[in-house]
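Remarks on the structure that follows.
The values are calculated or read from the model by the stated rules, or taken from the named source; none is laboratory data. Owing to the predicted nature of the structure, the values given are computational and were not obtained by experimental measurement. Note: ideal-geometry Cβ built from the backbone for every residue, glycine included; neighbour counts use all protein chains shown. Remember, those area values only see protein heavy atoms, side chains included, never the ligands or the DNA or RNA. Shrake-Rupley method; radii C 1.70, N 1.55, O 1.52, S 1.80 Å.
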Amino acid sequence: LLLNRIGDVRHKVETRLGSFQKGTTQLELGDKISTSSLYYADSEGTAYRLKFDDGKEQFQPKPEAIKNYFLAQLDEQESLDFCFLYDKSVSAYSFAGDILFEIDEVSSQQSSIAFHKAGKDRFISLTSPHKEEVSLYNASGELVTGFPVFGYSEPSIGDINLDGYLELVVTGKDGSVYAYSIEQE
């Protein structure tokens, strides 16, 4: 149900949603409700676009369950891309199903994937609390120089000291805070 500002039903979508996987959902706003959509993925690794006019599009790039995912604009295009964390790999796809990149050397202990945008830079982080390790990739799926690093939590990225350079900030299991410089080209 789509509600107005005071909670009254404004539009009812008849198509039922399947189960959501841990990860993000994203609204695509059109010029009216019927041209708007919701993007999400399920635990089986199927990506969906639920149109509010009751249409539904989907694709499943691999017949493999996912651990986590995110939706983001990985490049300068306006379309949303899906990035899936599988048991031993990460794959990014356009919603049309075109593969953008694949990272094969991922440990099965990676449990969290996140998208970070800082200015014009886009990054993907993989966190393994069991190994206390954070890996950082650019938006093309290439490992950033100097990574992986020690860390327990999902990181944040920004220019924390306003010197024009980005840092990755993460905590350790004991609560200590670590800041790592991100080498940029």
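Just to be sure, is Y180 over 21 Å from the mean Cα position of the chain (by Cα) and either at pLDDT 95 or above or open to solvent by 20 Å² or more (accessible area, probe 1.4 Å) (or both)? Criteria met by Y180. Among the strands (runs of 3 or more DSSP E) contained in the stretch 31-85, which hold 3 or more residues that are open to solvent by 10 Å² or more (accessible area, probe 1.4 Å) and either without any contact (Cβ under 8 Å) to a residue 12 or more places away in the chain or farther than 24 Å from Y137 by Cβ (or both)? Of the strands (runs of 3 or more DSSP E) lying wholly inside the stretch 31-85, those with at least 3 residues that are open to solvent by 10 Å² or more (accessible area, probe 1.4 Å) and either without any contact (Cβ under 8 Å) to a residue 12 or more places away in the chain or farther than 24 Å from Y137 by Cβ (or both) span 47-51, 56-59.
In the stretch 103-120, what count of residues is obtained for those that are surrounded by 15 or more Cβ atoms within 10 Å (Cβ to Cβ) and within 25 Å of L166 (Cα to Cα)? Residues meeting the conditions: 10. Here the stretch 146-171 is the region considered, the condition is being modelled with pLDDT under 95 and of a type in the set (S, T, N, Q), and the residue that is most open to solvent (accessible area, probe 1.4 Å) is N161.
Flag not set for G97, criterion: assigned to a loop (DSSP other than H, G, I, E, B), surrounded by fewer than 20 Cβ atoms within 10 Å (Cβ to Cβ) and within 15 Å of the chain's Cα centre (by Cα). Within the stretch 2-27, restricting attention to residues that are open to solvent by 70 Å² or more (accessible area, probe 1.4 Å) and closer than 15 Å to G55 by Cα, the residue that is modelled with the highest pLDDT is L27. Residues in the stretch 124-136 that are open to solvent by 10 Å² or more (accessible area, probe 1.4 Å) and either part of a loop (DSSP other than H, G, I, E, B) or in contact (Cβ under 8 Å) with a residue 40 or more places away in the chain (or both): P129, H130, K131, E132. The sole residue among G175, G164, G146 that is in contact (Cβ under 8 Å) with a residue 12 or more places away in the chain, assigned to a loop (DSSP other than H, G, I, E, B), over 19 Å from K88 (Cα atoms) and of a type outside the set (D, E) is G146.
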